[in-house]
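Everything on this sheet refers to the single structure shown next.
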Protein chains: 2
Amino acid sequence: MAFCRHFDTRPMMNPVAILTRKRQGQALTGMEIEFFVKESVAGRVPDYQIAAFLMAVAIQGMNPQETWALTKAMRNSGRQLDFSGVSGPKVDKHSTGGVGDGTSLVLAPLVATFGIRVPMMPGRSLGHTGGTLDKWEAVPGFDIHPPRDQWKHILEKTGCLLISPDSDLAPADAKFYALRDVTATVDSLPLIVSSILSKKLSEGAQALVFDVKVGSGAFLPELSEARALARSLVSTSRKAGCRSVAALSDMEQPLGRAVGNALEVKQAIKALKGQGPWDFVELTLELAYWMLRMGGIRGSRTQLLSALRQKLLNGEALSRFAMLVEAQGGDPGIVKDSQDLLPRAKREADFVSSKAGYVTMLNARDIGGASVELGAGRKTVEDPIDPAAGVFLHKKVGETVRKGEPLATVYAATRDRIDKGLEYLNRAYRIGSQPVQRRPLIQGVIGA
Amino acid sequence: MAFCRHFDTRPMMNPVAILTRKRQGQALTGMEIEFFVKESVAGRVPDYQIAAFLMAVAIQGMNPQETWALTKAMRNSGRQLDFSGVSGPKVDKHSTGGVGDGTSLVLAPLVATFGIRVPMMPGRSLGHTGGTLDKWEAVPGFDIHPPRDQWKHILEKTGCLLISPDSDLAPADAKFYALRDVTATVDSLPLIVSSILSKKLSEGAQALVFDVKVGSGAFLPELSEARALARSLVSTSRKAGCRSVAALSDMEQPLGRAVGNALEVKQAIKALKGQGPWDFVELTLELAYWMLRMGGIRGSRTQLLSALRQKLLNGEALSRFAMLVEAQGGDPGIVKDSQDLLPRAKREADFVSSKAGYVTMLNARDIGGASVELGAGRKTVEDPIDPAAGVFLHKKVGETVRKGEPLATVYAATRDRIDKGLEYLNRAYRIGSQPVQRRPLIQGVIGA
């Protein structure tokens, strides 16, 4: 009877009722969230209602139960990969995005030498942050779309797999994300966590190590915000039955010395030979240590870190890297001859210091801005990438510089790009007369 | 230079920047609000961004300056009527909507007899509340779309004009309102105020009297909410240079005894003859008094109320009503012969009391629900109206009833509708053994 509908006191399952409750700051039930996500993906909730939902969540927040319900519903909106046929623990790493953060290039082969399987589906560069996928694509011939029937084979053989995320993983995230960008709801904790995890949990890993960045170049620059994100990522992953831990790492200045895709591949190859910049190596080892722990590898922290260093010095990690490159169609000769085989920029220019002193600031966000202007990153998702473009940082915070000495070198295809990049460098560097304390690289580990 | 855009520290005028600021609870500038409204009406802001804006405003609120800026921008989005060619003060009344609230039918001709000009563009019934436009249309032949070139003439001649709101008045409101309904942002104070006033301020009145309803049948049932709405309506109107005052009137039970379009016309004609139900007459006189005051008519409250009563008793208001009906194409004979000329329902049924006692509750929202089921109102804007349908309330709160005596009579076109209406009546009435105190009809006047 139509009449009965009006007297029905059960909570009504419709988008407007759900919007009303969230607008009022109430916690939604798992059923409501599941309904909203399912109906959205099925195209039965129009974009304007999704937009209103995102804004209400961004302002009113979500409790841990709601965040997990949203993550689960978004994960369940698509296909879930299953690598259970591949032996060994499957562990992935996720970074919230930074500048010069090419640790994945080293981490995957390094950890794989311990029998850990690393199936990675990383993202692309956007805005000032780099993307691991673009870095792998700077390796000549490297194919991020290997045929699906070879995925297990590559993972079995090399211990790694590096592929472009499937569009049928967590389609709810693609739908929501497109609207978050245009509704000022990107930096909302429950929306960030559900976006990251709905995809990560679809990728078949049994454990996750998060690298949550803190500082000027981070998505959430404040330590308190980054810590809250790390806590939510860890607790929500665990609700999904996925072991996890999160390191908080500094992104006030860029990581390492190379920013730009081919430049970072070159730096990674050096690191795989035991010659990487200290901060890049330190963070890589910290994350690798946690990946081993999450993968069930036994040993004290000292023993595991020592074993990891050994793999960098004895060439085992490097040959694993070459194996992966070859398995995905790239030229493994790159490990010997990176200078000649990697793409090189047409133009380069030094950014020299106008005075002597100490580097007191090197703003990661501005270096990210420089890399975008140089052609290494994207302003919009459609922009093409110049793999050879980027910045090499000769001087980082705390180091001394003489007047006229190069602080950095920029690489790009055109004079115009070089000039725009140099303007950003001018903003990024500050030279003072007194030495400054460097911020600690690892600012905490959540869930250890 | 493209490069300069990145260093521009001026606030950026784009929808995402505006959404970000409102999401964070910041006050928007007049320029930002004007920009957002203009771009929305021009179709350059997609619905999902408007939806996110509405949700952010509904949660974070707006200060008085923002509310006025939004109202002004919405008013300026369309045409503004100008009755300055018509002599005399132009005063309009607006009710926030209730059940059995047909005061406008009496108010317009009554006040017009004092030389006040009343150009009205009222709304239609929706949900449990009635609409003045539907009531006028219950008068046989009455045309709510008279040719535009006759508007001034009708207003000059009768002192009144009753027309359907033009779609080119405040088009921003139409656009926003359609989205508020589906994004759970209807009951937001700044959105309500800007919606009401953007239209009212476009209609050429120099002064406005608001009837803000309080109680179960009101849009905002709580006195505190209704008072906040009244305050915001008055202060925002004044910012527009429009004199205004707001009465808070009880809508816990319906006003008068008639609910339904033809039934209310019949009741209004009785009231114009000095025979209206006491509460209906009391509220009509209160609002009429404030319309005279706003229109600059001199005299003490006692003198003006007495003069108003006189116009009901001496037939002057009634003949002005007949004049208006005739000027807009209706049959003026209705004032003598309303029983025969008004549409009559095919079916009727009494709702009798199952016990003796006092009426302790008569829920206005349920009576509104009954009238919708009977065919007097609309569930959606497309629903047709049955002008003859409705409820006549023989007993109201505080009155005694014998067992088996009719509490109300319902009118509809079908047996099915009658039955559904009776179910609502069963919920609406409560009979107790002790008499109860009636709530005061006028619960306050704001801006007096």
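The values are calculated or read from the model by the stated rules, or taken from the named source; none is laboratory data. This structure is a prediction, so every number in the text was calculated from the model and none was measured. Cβ placement follows ideal geometry from the backbone for every residue including glycine, while neighbour counts extend to all protein chains displayed.
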Can you name the condition, by its number, that residue B:382 falls short on among (1) assigned to a helix (DSSP H, G or I); (2) out of contact with any strand residue (DSSP E or B) (no Cβ under 9 Å at 6 or more places or on another chain)? (1)
Condition (residue is surrounded by 16 or more Cβ atoms within 10 Å (Cβ to Cβ) and either of a type in the set (S, T, N, Q) or more than 18 Å from residue B:160 (Cβ to Cβ) (or both)) applied to the stretch B:293-301: is it met by at least one residue? yes
Failed condition for residue B:366, given (1) of a type in the set (Asp, Glu); (2) within 25 Å of residue B:278 (Cα to Cα); (3) part of a loop (DSSP other than H, G, I, E, B), with all others met? (3)
Restricted to the stretch A:368-422 and to residues being surrounded by fewer than 22 Cβ atoms within 10 Å (Cβ to Cβ) and among the small types (Gly, Ala, Ser), the residue nearest to residue A:136 (Cα to Cα) is A:413
All but one of (1) farther than 17 Å from residue A:251 by Cβ; (2) in contact with a Leu (Cβ under 7 Å, 6 or more places away or on another chain) hold for residue A:396, so report the exception by its number. (1)
Just the residues that are out of contact with any Phe, Trp or Tyr (no Cβ under 8 Å at 6 or more places or on another chain) and of a type in the set (Asp, Glu), please, taken from the stretch A:369-395. A:382, A:383, A:386
Restricting to the stretch A:35-62, give me the number of residues that are free of Cβ contacts under 8 Å to residues at least 40 places away in the same chain and either part of a helix (DSSP H, G or I) or within 12 Å of chain B (Cβ to nearest Cβ) (or both). 13
Hand me the list of helices (runs of 4 or more DSSP H) wholly inside the stretch A:270-337 holding 3 or more residues that are modelled with pLDDT of 95 or more and within 21 Å of residue A:444 (Cα to Cα). A:278-294, A:301-313
Matching residues, the stretch A:220-240, being closer than 16 Å to residue A:197 by Cα and of a type in the set (Ser, Thr, Tyr): A:232, A:235, A:236, A:237
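For every residue, the table says whether it meets (1) closer than 26 Å to residue B:376 by Cα; (2) among the β-branched types (Val, Ile, Thr); (3) touching a Ser or Thr at 6+ places or on another chain (Cβ under 8 Å); (4) at pLDDT 95 or above.
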| site | (1), (2), (3), (4) |
| --- | --- |
| B:394 | yes, no, yes, yes |
| B:402 | no, no, yes, yes |
| B:411 | yes, no, no, yes |
| B:421 | yes, no, yes, yes |
| B:437 | no, no, no, no |
| B:442 | no, yes, yes, yes |
| B:447 | no, no, yes, no |
Selection over the stretch B:114-160 where residues are of a type in the set (Lys, Arg) and either part of a loop (DSSP other than H, G, I, E, B) or buried (at least 21 other Cβ atoms within 10 Å of the Cβ) (or both) yields a count of 3
Failed condition for residue B:426, given (1) farther than 30 Å from residue B:237 by Cα; (2) more than 14 Å from chain A (Cβ to nearest Cβ): (2)
I need the full set of residues from the stretch A:63-103 which are crowded, with 24+ Cβ neighbours inside 10 Å, in a helix (DSSP H, G or I) and either among the polar types (S, T, N, Q) or free of Cβ contacts under 8 Å to residues at least 40 places away in the same chain (or both), in order please. A:67, A:71, A:103
So which residues in the stretch A:158-187 are within 14 Å of chain B (Cβ to nearest Cβ) and under 17 Å from the mean Cα position of the chain (by Cα), if there are any at all? A:177, A:186, A:187
Take the conditions under 22 Å from residue B:204 (Cβ atoms), touching an Asp or Glu at 6+ places or on another chain (Cβ under 8 Å) and more than 14 Å from every other protein chain (Cβ to nearest Cβ) and apply them to residue B:79. Does it pass? yes
If you take the residues in the stretch B:401-423 that are away from chain A (no Cβ under 14 Å) and assigned to a loop (DSSP other than H, G, I, E, B), which one is nearest to residue B:375 (Cα to Cα)? B:413
